[in-house]
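**Q** The structure that follows is given in the form of structure tokens.
The values are calculated or read from the model by the stated rules, or taken from the named source; none is laboratory data. From a predicted model like this one, the values you see are computed outputs, not experimental measurements. Every residue, glycine among them, receives a Cβ derived from its backbone with ideal geometry; neighbour counts consider all protein chains shown.
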Amino acid sequence: MLKIRNLEAGYGKLRVLRKVSMHVSAGEIVAIIGANGSGKTTLLGAISGLVGATSGEIRFQDEDLTLLSASRIPARGCVLVPEGRQVFAAMTVEENLLLGGHPLAREKRGELDGLLAHQYELFPILRERRKQLAGTLSGGEQQMLAMGRALMSRPSLVMMDEPSTGLAPLIVRDIFAIIARLRQEGNTVLLVEQNAKAALAIADRGYVLETGKVIIQGPAEDLLANRDVQRAYLGREKLEG
Amino acid sequence: MSAKEFVFLPVMAAVVLVQLFTAASDSAYYLTQLTMAAYYSLLIVGLCVLMGYAGQISLGHAGFFAIGGYLSAGLTTRDLLPWAESPVVRSLDALGCLNHGQDLYGAQLLTVAPWAAAAAAVLAAALVALALGVPVLKLKGHYLAMATLGFGIIVYRLVLASEYFGEADGISGVPGFPLLPGLTVSGDSAGRVANYYVAWMVLLVAVLLLRHLIDSRPGRALRAIHGSPEAADAMGVDVARYKLKVFVLSAVYAALAGVLMTHYNGGIGPSEAGVMKSVRWVAIVAVGGMAHLWGALTMGVLLNFLSLRGVFGSYDDAVFALILIAIMLYAPGGIFSLLPDGRWRERLASLARRGKSGEAAP
Amino acid sequence: MTLLAIEHLGKRFGGLQAVDDVGFTLARGAIKAVIGPNGAGKTTLFNLIAGMLSPSSGAILFQGQPIHGLQPCQVARRGIARTFQNIKMFHGMSALENVMVGRHVRTAVGFFGAMLRTPACRREERAIRERSLELLDFMGIADCADTPAVNLDFGRQRAVELARALALEPTLLLLDEPAAGLNIYETAELGRLIGRIRDLGITILLVEHDMSLVMDISDEIVVLSFGRKIAEDVPEVIQRHPEVVKVYLGE
Amino acid sequence: MSVLRAGIVGAAIALWVAAAPAAWAETIKIGALLAVTGPSSFLGGPEARTLEMMVEQINAAGGITGKKVELLLRDTAGNPEKAISLGKQLLEEDKVLAVVGPSSSGETMAIKKLFEDNATPLISCAAAEVIVNPLASWVFKTPQNDSSAAIKIFEEMKRQGIARIAVLVDNSGFGKAGREQLQKIAPEHGITIVAAEVYDAKATDLSAVVAKIKANAEVQGVINWSVVPAQSIVVKNIRQAGWQVPIFQSHGFGNIKYAEAAGVAAEGVIFPGGHILMAAQLPDGHPQKSLLLKYIADYEGRYKETASAFGGYAYDALTILRRAIEIGGTDKAKIRSAIEGLRDLPGTSGIFNFSPTDHNGLGLDAFAMMTVKDGKFVPYQGK
Amino acid sequence: MTSELFLQYLVAGITYGSIYTVVAIGFNIIYNTTGIINFSQGEFVMLGGMVAITLHNFMALPLAILLAVLITMAVGAAIEMLFIRRLRSPSVLRMIIVTIGVSILIREVALHLWGSGVRSLPYFIGNEITTIKLGPVFVSPQVLWVVGTCLVMVVLLLLFFQATSLGREMRACAANRVAAVLCGIETRNMVTLSFVLSAGIGALAGAVVSPITYSQYDNGTGLAIKGFTVAILGGLGNSLGAVAGGLLLGVVEAFSVSVVPLAFQDAVAIAVLLLILFVRPHGLFGSGATAAMKEF
């Protein structure tokens, strides 16, 4: 479904991603893990068009996303739940969700009510809060809202950037339970997480990024057992030179 | 002399050459408008430091020019004879701050002496800038622009509504400003050459002082605030104080320009306080390249000179608007950024280095 | 001897307790690191010490004096310098001039002195320049002195920023993720550099993600999670601390 | 013949034709400092257009004493500092013989000394009395005196038994000068000003201030002294407030556009107007009649806009200069004394009788009281 | 003060207030979607009036106004596409300068197109002296047109922004540009749309107030400054706040006539603006908390 080849991207002079290649198949949950600054967020930014790719290609359902502007990518079925939620704080929960339905083709706008109901079923708390301003929600509720908003356009691929950031452990568990459920419903998920164990626990496969490169990849169980993964998080051997 | 100061030599040479040329070609009349342009440029270089180096916009600088010009004009023309016996006037007289003279039509006149009036005018502008700066400089972006614009409008409204300042007519009949025996700032054609040199001397000294400021501790602090206020703060720069100081400094420059221009012209009118004037000054600084003292000076002299000569005719404001838009869209670094490479600057710098080593090139 | 003491420090943003009853001390001459996952409150803690935020509760004592609630520039004048995670160079200024700004609190010339370029001003200016060049040299980037700072590569900008902080002659140096954006070689180099800075007698507190750097150079590590301190110990212990491992790798 | 050669020949012919006026033996340079743009452009615009038209006519008719007139028109935008700069340019660089303008009193006052120092005649198109009183030897003005207008208004008020009035003026130089004259002269006519307000030249609605003066029960009549569009707003707001008070306007109302802007509200407004506003109604043989009709016809034919008193100020200035040059030649001092010696010279504003002590030359008779009837200016016939 | 005078002042204040409010709303729309204060907003008002007057020579009044609004909208779109869109990495300073430049340019073009003369549309109902007597107070029917237009406009705008998906999308751009892009909203078009919308509103306002205030090439600036003051008073971006702020400023101005010389009236209005900027930059009616939720 998603195929990335030799992707390079960064901000200004700073090159963050160095020749990253990876793929996601339909129906999978793929986790990308790595320490801070390893380039995870930049990778999702590049896929969703927020960060310009300097070379390489991103093929999504046989279309090169690097050629599209960011606002056209959601309509192709590839939606990002950004880090730090980025809800429309001064708008109500329901408005946030409706805006998520924007990428739907015009003739499918009639399905909005059904989709709305579906999100409320997935995230019952949002139904209670639907008239509230999104900025007044708690962190966990905002995360659910951001996910719900992304799902409103029935994307074929949902990308999630650090859904657990700044959330209490109990809520993190709920969030991951929902992600797992999404897969059961047939969604494809690309998950970027710092919380490696939680992410790999629900993922099929995983990639480990370090300083902008994929250093390890494989089935989630293998990565969980891999000592190098642990090393990536809690200190490397000293480098000479 | 550092590389940046080295530029002064050719500029001074140009000032002298222009005068010699006009003398030789019997076209000394050009000096009048060059003198006026120099006074306006005095305001512009002050604004340039505020905007370009400290990063604070002011859409009200004509207001400071007007405070300087109007106060100086009012004090030196309004007759104090009716109050001659009041203690204030008498003590001022005892201090030598007053002039006993005659008006255009020969009537007795008691007025404040120009030097005292000028000092009072500049001081007033500084105090206003201080009082205004404390709350205004806390604002950013649109709010700062609008607040300074508002200040300019208030000054305009006050001079337009005050009888003391002559309402719509402004003040005319302002006497010359005696600088030295035999040297008076005034528009008399006899003193034209001397006044030309006075104006340019004042301007170049003013620029030299600013140049010194920019290349030293407080100037670096200012530029640091522009570059990154948080980092400047973390380096121990008291951002609020520095913004305030430079605001006052630029107000003083504007007021001084107002004082000198008023004595040179022998009068001042409300159009000097108008919003369009403030906008024009901002435009010229932008065209010169914001953080570019020489750019501001060059464009200040050039554009004012052309405008004062009526070259743009009825399209005066339109020309400035077009310049503004074009510069912002196509050369945000100022008109000199369009020159290839800025190699001329390097060449100047290398010349300067040969002159004296040890100090850095620009 | 204690240089910096954090006591029951708390910071609330609306409903979020970003820093919650954190306390630790920093001995003169030590290198101490604060680590924790994203959103743990490291940056908030850092900003509280640097004066960019004022605490909701608790106290920060520097050399026995309370410094909480002071403005950043006042904190700097006490002898605390800092660097920024996303490097903040002064635009439009050369590398050397950037460092020269660092001398601000150690010099005195004001507007008038500078404009008139008094002899005292000239003397001071020369001293600032010399000291700043020395620092660039110490960082090994003396050759970039006249380059506009923003044109330097990332690693060199870091070095300029460090030199700028050192120009302040700080007693305490606060480093906010100094290794962010550096490659492994640059990071290793940075580690050595921090060591040399400590050898100058400067105490260092850093917030860092790069574990290799932290483990390598720190004397002690404080671990934050959800605004609370969950561990404080030497690197070897922290590396095996079950709570810390759980926070980082999940349960 | 190739196209190129045709082009060259054509250009040569064009050059020759263009160079033909070089047959003029000498040119007379006359400067003009007018506010063609800016806040006073409603004055400077018609003035500039009038001058351009006249100079063309004069040259077509053989110039002045056989010399071609060259008009150096400069736009001051109403700024005194520009008037000074451009004034010096005209005097020293262009070496003009005399200057027409400026349009506003502030500008005129700013350059008064300059023209005294340079001993060059300046004929201002601004109305303020202070321009010629106290007298400056080289400065003249063509608009009627404000005091004449004030006296005319007060006389009419007395006739109507109005003694307590409200005065509204705009904050232009015209309004300022008018207010000063009204306040000075009112006591002489037994009239008391019980309320006086200054409004902004760019005011968009004045119903609040109208409500204020209306609430003053003493007010028997209102004088509005203004030269800006807002004077139509005053009239409208007074009538909209259901207030049937007699409204007097200054000679600044002498532009039919203002009456049109006020629409039916302008009906019955009384004001002192120059004869230009009633040219057609003047008795045949009136010395001004033919020149007024010609000026109006020429101006309106050429510019497709109504001729106003303002353009007339410039007409008079150039007419005076023309006559003075015919008498005194191209010597500035002689021109000056020629102007001072002009008697019974009809102009658009009135019949000029200059003297060494009167540099305006117009008397009370330059005004006639007028009113608006059916959207037209007509002589006021009394109640 | 008699109650009659009090009421008459009030009516005058409401008239001024409605005019200012309509201008302020134009500011708010653009500010809300872009974070730009469009200093050329006043020129839209001027254009609306001038174009409508010109067209009225050839066609019926409603049609002339409609066409004038459409033409001004096109001008708004052109300004955005020609100037605003082309600003690379726009800093606030540059946006201010460009919109000021555009404002001067439009004004100068208008001067050379229409001349400096004053024009006006005829009164929609009655003429210059028609008044309606409401108790002791006299009101021109045109005032009711202005107040009515202002009210209808505010209500329509609120409906548009709250109840239509396009309005929601514009608000989303204002609330969080990145998130809007991630929802597939073409933010560029929203910016253009905001210029079109506020140009249209300005033009309609210009046509409706023209019989009262007259139209002239340079009367946009004064209105823009008042409109901006009102926008700040009500809290930038807050349309209901603008209504309240407009009425407040209008009434203050009307009543100030009784204490301050009229010549200082504008200085009073600007002093109010400065005071608000210093004390409550988020406006009298906006709360700091909601202001903080916006990105700008």
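**Q** Checking A:P103 against (1) within 21 Å of E:Q162 (Cβ to Cβ); (2) touching a Pro at 6+ places or on another chain (Cβ under 7 Å), which single condition isn't satisfied?
**A** (1)
**Q** Hey, can you tell me all the residues within segment C:130-156 that are at the interface with chain B (Cβ under 8 Å from one of its Cβ atoms) and either closer than 22 Å to C:R77 by Cα or surrounded by fewer than 17 Cβ atoms within 10 Å (Cβ to Cβ) (or both)?
**A** Quick first cut of segment C:130-156, residues at the interface with chain B (Cβ under 8 Å from one of its Cβ atoms) only: C:145-146.
Within segment C:130-156, just C:D146 meets the criteria.
**Q** Hey, another quick one. So, in segment C:180-199, how many residues would count as being of a type in the set (A, V, I, L, M, F, W, C) and either at the interface with another protein chain (Cβ under 8 Å from one of its Cβ atoms) or free of Cβ contacts under 8 Å to residues at least 24 places away in the same chain (or both)?
**A** Total satisfying the criteria: 3.
**Q** In segment C:182-196, what residues are assigned to a helix (DSSP H, G or I), of a type outside the set (A, V, I, L, M, F, W, C) and surrounded by 14 or more Cβ atoms within 10 Å (Cβ to Cβ)?
**A** To start, the set of residues in segment C:182-196 that are assigned to a helix (DSSP H, G or I) comprises C:184-196.
With the extra rule that they be of a type outside the set (A, V, I, L, M, F, W, C), the set shrinks to C:185-187, C:189, C:191-192, C:195-196.
Of everything in segment C:182-196, those that are assigned to a helix (DSSP H, G or I), of a type outside the set (A, V, I, L, M, F, W, C) and surrounded by 14 or more Cβ atoms within 10 Å (Cβ to Cβ) turn out to be C:E186, C:T187, C:E189, C:G191.
**Q** In addition: Among the residues in segment A:154-169, are any in contact (Cβ under 8 Å) with a residue 24 or more places away in the chain and in a helix (DSSP H, G or I)?
**A** no
**Q** Looking at segment B:190-221, which of its residues are touching a residue at least 24 places away in the same chain (Cβ under 8 Å) and within 10 Å of another protein chain (Cβ to nearest Cβ)?
**A** Within segment B:190-221, B:R192, B:A206, B:L208, B:L210, B:R211, B:L213, B:I214, B:D215, B:P218, B:G219 meet the criteria.
Table: residues versus (1) touching a residue at least 60 places away in the same chain (Cβ under 8 Å); (2) closer than 21 Å to D:T371 by Cβ.
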{"position": "D:F271", "(1), (2)": "yes, yes"}
{"position": "D:I276", "(1), (2)": "yes, yes"}
{"position": "D:A279", "(1), (2)": "no, yes"}
{"position": "D:L293", "(1), (2)": "no, no"}
{"position": "D:Y299", "(1), (2)": "yes, no"}
{"position": "D:R302", "(1), (2)": "yes, no"}
{"position": "D:A314", "(1), (2)": "yes, no"}
{"position": "D:A317", "(1), (2)": "yes, no"}
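**Q** Further question: Taking segment C:74-88 as the search range and keeping residues that are buried (at least 20 other Cβ atoms within 10 Å of the Cβ) and part of a helix (DSSP H, G or I), which one is nearest to the other protein chains (Cβ to nearest Cβ)?
**A** Taking the candidates together, the pick is C:A76.
**Q** If C:L224 meets every condition in (1) hydrophobic (A, V, I, L, M, F, W, C); (2) within 20 Å of the chain's Cα centre (by Cα); (3) not assigned by TED's automatic domain parsing to the domain that holds C:L48 apart from one, which number is that one?
**A** (3)
**Q** For segment A:115-149, how many residues are among the polar types (S, T, N, Q) and more than 11 Å from A:N96 (Cα to Cα)?
**A** Final tally of qualifying residues: 4.
**Q** Let me ask something else about it. Which pairs turn up if I take residues in segment B:139-159 that are touching a residue at least 12 places away in the same chain (Cβ under 8 Å) and more than 8 Å from chain E (Cβ to nearest Cβ) and look for partners that are buried (at least 21 other Cβ atoms within 10 Å of the Cβ) and among the hydroxyl-bearing types (S, T, Y) with beta carbon separation below 6 Å, at least 6 apart in sequence or on another chain?
**A** Note: pairs meeting the criteria are B:T148/B:S58; B:G152/B:S278; B:V159/B:Y70.
**Q** Report yes if some residue within segment D:243-250 is outside any strand (DSSP E or B), small (G, A, S), within 14 Å of another protein chain (Cβ to nearest Cβ) and touching a strand residue (DSSP E or B) at 6+ places or on another chain (Cβ under 6 Å); otherwise report no. Break it down into steps so the answer makes sense when it comes.
**A** Step one: of segment D:243-250, the residues outside any strand (DSSP E or B) are D:243-246, D:250.
Then drop every residue that is not small (G, A, S), which leaves D:250.
Adding the requirement that they be within 14 Å of another protein chain (Cβ to nearest Cβ) leaves none.
No: zero hits.
**Q** If we only count helices (runs of 4 or more DSSP H) wholly inside segment E:156-263, which ones have 3 or more residues that are more than 14 Å from chain A (Cβ to nearest Cβ) and within 15 Å of the chain's Cα centre (by Cα)? It would help to see each step written out before you state the result.
**A** Values: elements: E:165-175, E:177-182, E:187-213, E:220-234, E:239-256.
Counting at least 3 such residues, we get E:187-213, E:220-234, E:239-256.
**Q** If we scan segment A:148-163, do we find a residue that is surrounded by fewer than 23 Cβ atoms within 10 Å (Cβ to Cβ), on the phi > 0 side of the Ramachandran plot and not acidic (D, E)?
**A** Yes - at least one qualifying residue is present in segment A:148-163.
**Q** OK, next. Of all the residues that make up segment A:45-87, how many are small (G, A, S), assigned to a helix (DSSP H, G or I) and at the interface with chain E (Cβ under 8 Å from one of its Cβ atoms)?
**A** Result for segment A:45-87: 3.
**Q** What residue, of D:I193, D:I165, is surrounded by fewer than 21 Cβ atoms within 10 Å (Cβ to Cβ) and assigned to a strand (DSSP E or B)? Before you say what the answer is, go through the steps one by one.
**A** Numbers: D:I165 fails: surrounded by fewer than 21 Cβ atoms within 10 Å (Cβ to Cβ).
Residue meeting the stated conditions: D:I193.
**Q** So, in segment D:110-131, of the ones that are in a loop (DSSP other than H, G, I, E, B) and within 25 Å of D:I191 (Cβ to Cβ), which residue ends up nearest to the other protein chains (Cβ to nearest Cβ)? Break it down stepwise before answering.
**A** Here is the first cut: in segment D:110-131, the ones in a loop (DSSP other than H, G, I, E, B) are D:119-121, D:125-128.
From what's left, within 25 Å of D:I191 (Cβ to Cβ): D:127-128.
Numbers: D:A127: 12, D:A128: 7 Å.
Of everything passing the filter in segment D:110-131, D:A128 is nearest to the other protein chains (Cβ to nearest Cβ).
**Q** Further question on the same structure: From the list B:G310, B:G288, B:G342, which residue is within 16 Å of the chain's Cα centre (by Cα) and modelled with pLDDT under 90? Even if it seems obvious, please write down each step before you answer.
**A** On the way: B:G310 fails: within 16 Å of the chain's Cα centre (by Cα); B:G342 fails: within 16 Å of the chain's Cα centre (by Cα).
Exactly one of B:G310, B:G288, B:G342 is within 16 Å of the chain's Cα centre (by Cα) and modelled with pLDDT under 90, namely B:G288.
**Q** Right, next: Please state which of the following conditions E:S91 fails to meet, knowing it meets all the rest: (1) at the interface with chain B (Cβ under 9 Å from one of its Cβ atoms); (2) within 22 Å of the chain's Cα centre (by Cα).
**A** Tallying (1) at the interface with chain B (Cβ under 9 Å from one of its Cβ atoms); (2) within 22 Å of the chain's Cα centre (by Cα), E:S91 fails exactly one: (2).
Yes or no, residue by residue, for (1) touching a strand residue (DSSP E or B) at 6+ places or on another chain (Cβ under 9 Å); (2) modelled with pLDDT under 90; (3) outside any helix (DSSP H, G or I):
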residue	(1), (2), (3)
B:H100	yes, yes, yes
B:G106	no, yes, yes
B:T111	yes, yes, yes
B:Y143	no, yes, no
B:G191	yes, yes, no
B:N195	yes, no, no
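Listed here are the residues, each with its yes/no results for (1) at pLDDT below 90; (2) more than 14 Å from chain A (Cβ to nearest Cβ).
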{"residue": "C:E7", "(1), (2)": "no, yes"}
{"residue": "C:G14", "(1), (2)": "yes, no"}
{"residue": "C:F24", "(1), (2)": "no, yes"}
{"residue": "C:A30", "(1), (2)": "no, yes"}
{"residue": "C:A33", "(1), (2)": "no, no"}
{"residue": "C:I49", "(1), (2)": "no, yes"}
{"residue": "C:G58", "(1), (2)": "no, yes"}
{"residue": "C:Q63", "(1), (2)": "no, yes"}
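**Q** Does any residue in segment D:113-135 that is within 20 Å of D:S41 (Cβ to Cβ) come within less than 7 Å, Cβ to Cβ, of a residue that is among the acidic types (D, E) six or more places away or on a different chain, and which pairs are these?
**A** Listed by first residue and then by second, the contacts come to D:C125/D:E47; D:A127/D:D146; D:A128/D:D146.
**Q** Against the condition in contact with a Pro (Cβ under 9 Å, 6 or more places away or on another chain), away from chain B (no Cβ under 12 Å) and aromatic (F, W, Y), how does D:F140 come out, does it pass?
**A** Details: in contact with a Pro (Cβ under 9 Å, 6 or more places away or on another chain): yes; away from chain B (no Cβ under 12 Å): yes; aromatic (F, W, Y): yes.
Considered against the rule, which asks whether it is in contact with a Pro (Cβ under 9 Å, 6 or more places away or on another chain), away from chain B (no Cβ under 12 Å) and aromatic (F, W, Y), D:F140 comes out as yes.
**Q** I've got another one for you. How about segment C:91-126: which of its residues are touching a helix residue (DSSP H, G or I) at 6+ places or on another chain (Cβ under 9 Å), among the hydrophobic types (A, V, I, L, M, F, W, C) and in a helix (DSSP H, G or I)? Write out each step before concluding.
**A** Here is the first cut: in segment C:91-126, the residues touching a helix residue (DSSP H, G or I) at 6+ places or on another chain (Cβ under 9 Å) are C:91-111, C:113-118, C:120-121, C:124-125.
Checking the rest, the ones that are also among the hydrophobic types (A, V, I, L, M, F, W, C) come to C:93, C:95-96, C:99-101, C:105, C:108-109, C:111, C:114-116, C:120-121.
Result: C:A95, C:L96, C:V99, C:M100, C:V101, C:V105, C:F111, C:A114, C:M115, C:L116, C:A120, C:C121.
**Q** Could you say whether any residue in segment B:228-235 is touching a Leu at 6+ places or on another chain (Cβ under 6 Å), facing another protein chain (nearest Cβ under 8 Å) and at pLDDT below 95?
**A** First, the residues of segment B:228-235 that are touching a Leu at 6+ places or on another chain (Cβ under 6 Å): none.
No, the conditions are met nowhere in segment B:228-235.
**Q** Another question, if that's okay. Only residues that are farther than 15 Å from B:N99 by Cβ and of a type in the set (V, I, T): list them for segment B:171-184, please.
**A** B:I171
**Q** If I filter segment B:261-284 down to residues being over 19 Å from B:V49 (Cβ atoms) and hydroxyl-bearing (S, T, Y), which single residue comes out as surrounded by the most Cβ atoms within 10 Å (Cβ to Cβ)?
**A** The extreme case among them is B:T262.
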